[in-house]
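Structure first, then comments.
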Amino acid sequence: MKNIFFYRIALVLMVFQLLSCNNDKSPEVTDKNESSTSQEHPKLILTAQGVKDIRSQLGSIPIFDKSLQDVKEEIDAEIALGIEVPIPKDYSGGYTHVRHKRNWVVMQKAGVLYQILDDDKYAKYVKDMLMQYEAMYKTLPLHPKTRSYARGKLFWQCLNDSNWLVYVSQAYDCIYNFLTEEERNKLETNLFRPFADHISIDSPQFYQRVHNHSTWGNAAVGMIGLVMDDEELINRALYGIKDLKLDANKKDDDGGFLNKDGKAGFLANIEEPFSPDGYYNEGPYYQRYAMYPFLIFAEGLHNVKPELKIFEYKQGVLLKSINALLNLSDADGDFFPLNDGQKGMSYYNNALVTAVDISYHFGNQDPGLLSIAKQQQKVLLDDSGLAVALGIKNGKEEPFDKTSINLSDGPEGKQGGVGILRNQELELVFKYASQGSSHGHYDKLSYSLYENGEEVIQDYGLARFVNIEQKGGGNYLKENKTWAKQSIAHNTLIQNETSHFNGQYDIGSLHHSDLNYFSAENENIKVISAKEINAYPGTQMLRTMAVIKDKDFEKPYMLDIMRVTSVTANSYDFPFYYFGQILQTNFKYVTPQTLKPLGTKNGYQHLYLEGSGKPSGDNSKFSWFNNSKFYTLTTATTLNDQLVFARIGANDPEFNLRRDPALILRTNNTKNRTFVSVIETHGSYSPVSESAKNSNSSIKELKILLDTEAYTAIAITNVNGTTKLFITANSKASEEANHKLNINDKNYEWSGSYYFK
């Protein structure tokens, strides 16, 4: 580890040297309005003026100086190891795949170091590696692995080839003036243009789509076009390939389709997936992944072609989307795993460093973003990173305030959405959105529940071990379709052991749920209500969920009302995917000596039946213990119901699925049913003092007082005998609506969507 004192001396000397020398490799800044495409370099992400500004501040901007030193040490170590450009042969996680991924990162970083430190060794390193790629690429066939619907050449899929070009475009821009004209012509003729053509013209099934894959492809083609001043490539990136005939019925490996309406290109990928609120229809995991190409290409367009006003496109949705994405994370910064999403992905990911820095620099310089950047402990080594570093240095940061928020889905915000209710440490994530493209799950009106960043009631996420070669080459496992996407894998209602829309992508893509109401103005109660009428023909679901802070309870609790009406009698399953150790139930159950699957298809084949019982009264209670905290579910039941203990893992011989538990409330041969539940978080346990505090539920009784097409009224009575009444408007639920209702000879009047007292 280097001595900090000597590092500071060296840094001061370096700054002095930089300030005293002239860099003839970086042209003077010109007025970008003089031409549609700027001719100076660097110009894409790091700009010539930005280089000068950074050099003038070096040594006085701690977070930037630290980021620069970390990158310098990283790249110096890579240079010492030498260059390796292996012949491609592996899937994700394999050696050649990982090596080429590493190469794109080190080239981009080395290019930036060349500009900031004015040290030719970094430019030479990038040039030498690019020349090795040029020599290999001009004779390189398609990748030998054939699984992908669109094979790359360096990688098994065009997606990763696009990743490579997005980063390498930045490296090429940084060393552009270091290269001779002959060297540039060689790289552009034999490497960059053929690379861009393969991603786009040769792979229309990859490129001509509205999908995170094609966003990367658009950005790759456009960014190299910006560096090379190639208007044809830039237009191809912005608007897609013109006059190209496509097989609109051809499926990709994710189950998606080529666009039948011909929408393609970068602008279409902004128009279609983003709602006006900035929600991305594939969910936060893939929004995080797509934000890097969205924002880095947008920054390049802003710098090189400012007349496009890209950050103002669609009412500035790209910058709005960053705020939405940050709000789609829990207390620890981990993104909620809606649709296909790997748990643990967070805003500490490098893509979110990019997002936060660019949003701050090109947006309204929200001081809350500085607090996120400070937590990330690094910034981009470019103009936006400098802006953030200066903001932090000058003490401008403020806490980023995550509040209860309702994010609409769909291009016009009319395809459902996602609501997040926050009250103290409790966070409820309620999904009533559209299908979510090919990464969507069949989980209308599903939810997950968190306490201070810990899952209380979980969403499974995806079935994939990303970039772990031993697990299916790091790609999606078959269980993603047979389990993770199926409705039973989520905390929602399942009818007749069949997934919503019968698990059919074509059908699910036609429909979305609709908001009944969202209310978060009251400090003590946050409520969201939405309905679904298409998941099962002839069946309607209306779910109302609330997070309530009540002085008679230790912590806020969740109230859940799922009202189901159908034209036919059905069986209904209502699961709760909890974590931890079962403590107590108020019903008797039996456990089998031999584990068997709960069903044969639609995800049920992956659930072991671990036990079953019958309710003993109008309320069934189930308590469990996890992470030194106590939780209790109280749910309204009938004597004809069944309570099923289940565990994920059946028909999974390769152990691809987690062995997580669930409790399922089952009702048979019923047309209409209203499921009402409360989940309390309460108490704590200290293994040091071996003491348990408040380990028992505070609810004595949960009762449905009224349930009609217009209203549902729930009484919650605590152990001290105090009763609170919650009434939700199932129709006419606007904030302006006035309501009069008589329940048990008592009149209630209120304005708005709900009543609680």
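The values are calculated or read from the model by the stated rules, or taken from the named source; none is laboratory data. Fair warning: this is a prediction, and the values are worked out from it, not measured in the lab. Please note: Cβ atoms are built from the backbone with ideal geometry, for glycine as well, and neighbour counts cover all protein chains shown. Accessible surface is based on the protein model in full, side chains and every heavy atom, while ligands, DNA and RNA are left aside. Shrake-Rupley method; radii C 1.70, N 1.55, O 1.52, S 1.80 Å.
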message: Within segment 146-157, does at least one residue satisfy the condition of being crowded, with 23+ Cβ neighbours inside 10 Å and in a helix (DSSP H, G or I)?
response: no
field: Residue list for segment 473-514, filter: in contact with a strand residue (DSSP E or B) (Cβ under 9 Å, 6 or more places away or on another chain) and without any contact (Cβ under 8 Å) to a residue 40 or more places away in the chain
entry: Asp506
- request: Would you check if there is a residue in segment 685-701 being within 20 Å of Lys551 (Cβ to Cβ), open to solvent by less than 60 Å² (accessible area, probe 1.4 Å), not β-branched (Val, Ile, Thr) and not in a loop (DSSP other than H, G, I, E, B)?
  value: no
message: Take residues that are open to solvent by 40 Å² or more (accessible area, probe 1.4 Å) and touching a Gly at 6+ places or on another chain (Cβ under 6 Å) and tell me which of the helices (runs of 4 or more DSSP H) falling wholly in segment 306-411 contain 1 or more.
response: 313-327
- prompt: Which residue out of Lys629, Lys614 is of a type in the set (Lys, Arg) and within 25 Å of Lys555 (Cβ to Cβ)?
  reply: Lys629
task: Filter segment 412-439 for residues that are farther than 20 Å from Asp514 by Cα and either open to solvent by less than 30 Å² (accessible area, probe 1.4 Å) or outside any loop (DSSP other than H, G, I, E, B) (or both) and give the result.
output: Arg422, Asn423, Leu426, Glu427, Ser438, His439
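Conditions tested, residue by residue: (1) crowded, with 17+ Cβ neighbours inside 10 Å; (2) part of a helix (DSSP H, G or I); (3) of a type in the set (Ser, Thr, Tyr).
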site: Asp53; (1), (2), (3): no, yes, no
site: Ile63; (1), (2), (3): yes, yes, no
site: Ser67; (1), (2), (3): yes, yes, yes
site: Glu73; (1), (2), (3): no, yes, no
site: Asp76; (1), (2), (3): no, yes, no
site: Glu84; (1), (2), (3): no, no, no
site: Tyr91; (1), (2), (3): yes, no, yes
site: Lys101; (1), (2), (3): yes, yes, no
site: Val105; (1), (2), (3): yes, yes, no
- request: Taking Val221 as the residue in question, decide whether it is over 24 Å from Ser437 (Cβ atoms), at pLDDT 95 or above, out of contact with any strand residue (DSSP E or B) (no Cβ under 7 Å at 6 or more places or on another chain) and not in a loop (DSSP other than H, G, I, E, B).
  value: no
task: Filter segment 565-620 down to the residues that are among the aliphatic types (A, V, I, L, M) and in contact (Cβ under 8 Å) with a residue 40 or more places away in the chain, then identify the one that is farthest from Ala489 (Cα to Cα).
output: Val567
query: In this structure, does Tyr536 turn out to be open to solvent by less than 10 Å² (accessible area, probe 1.4 Å) and either touching a helix residue (DSSP H, G or I) at 6+ places or on another chain (Cβ under 9 Å) or within 28 Å of Ile420 (Cα to Cα) (or both)?
result: no
Looking only at segment 192-208, and only at residues there that are open to solvent by 40 Å² or more (accessible area, probe 1.4 Å) and of a type outside the set (D, E, K, R), the one that is nearest to Arg151 (Cα to Cα): Ile201
- request: Sort out which residues of segment 710-729 are in contact (Cβ under 8 Å) with a residue 60 or more places away in the chain and either of a type in the set (Asp, Glu) or open to solvent by less than 20 Å² (accessible area, probe 1.4 Å) (or both), and write them in order of number.
  value: Thr712, Ile714, Ile716, Asn718, Phe726, Thr728, Ala729
